[in-house]
Amino acid sequence: DGESGTGKSYVLAQAAVLEKRRGGANTVVVVRVCGLAGANRDLRELILGIVAQIREAYGVAAPPGLPEPSAVSAYLNEALSLASKARPLLLALFATDRLPPS
């Protein structure tokens, strides 16, 4: 919560940068600003983009085709499960309140 323009996204972005530095080269960082442009305006497309970036970072090939809408949650969970203590994942989503209701 907080008023627009108070710097919340900036603070969160700086936290992501600091965590990447602290975690080193093994830390996978995925950052999205929701609702501003392109695929980040649509929840399903946002999730598919996040999953693609996570899979690529962990060297896991994407399955052929896109998941059915009902399987997107499982698709995301599968990607999140790639994170490990040796190769942690930081997923930072900013301005989720800008996403349209689904």
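Quick notes on this one:
- The residues of the chain have, on average, 66 Å² of accessible surface per residue, using a 1.4 Å probe with all protein chains present.
- Accessible carbon and sulfur surface of the chain relative to its total accessible area, %, 1.4 Å: 56
- Fully extending the segment from L99 to N26 would add 23.2 nm, taking 0.36 nm per residue of separation and subtracting the current Cα-Cα distance.
- With each label modelled as a point 7 angstrom along the Cα→C-beta vector, the V60-D42 pair spans 2.4 nm.
- One compactness figure for the chain is 1.14, namely its Cα radius of gyration divided by 2.2 N^0.38 Å.
- Cα gyration tensor shape for segment 47-102, rounded if a/c is under 1.5, else prolate or oblate: oblate
- Remark: the chain carries a charge dipole of roughly 420 debye about the Cα centre, counting +1 on each Lys and Arg Cβ and -1 on each Asp and Glu Cβ.
The values are calculated or read from the model by the stated rules, or taken from the named source; none is laboratory data. In this text, all values refer to a predicted model and were calculated from it rather than measured experimentally. For neighbour counting, all protein chains shown are included, and Cβ atoms are generated from backbone atoms with ideal geometry for every residue, glycine included. The accessibility values were calculated without ligands, DNA or RNA, using every heavy atom of the protein model including side chains. Shrake-Rupley method; radii C 1.70, N 1.55, O 1.52, S 1.80 Å.
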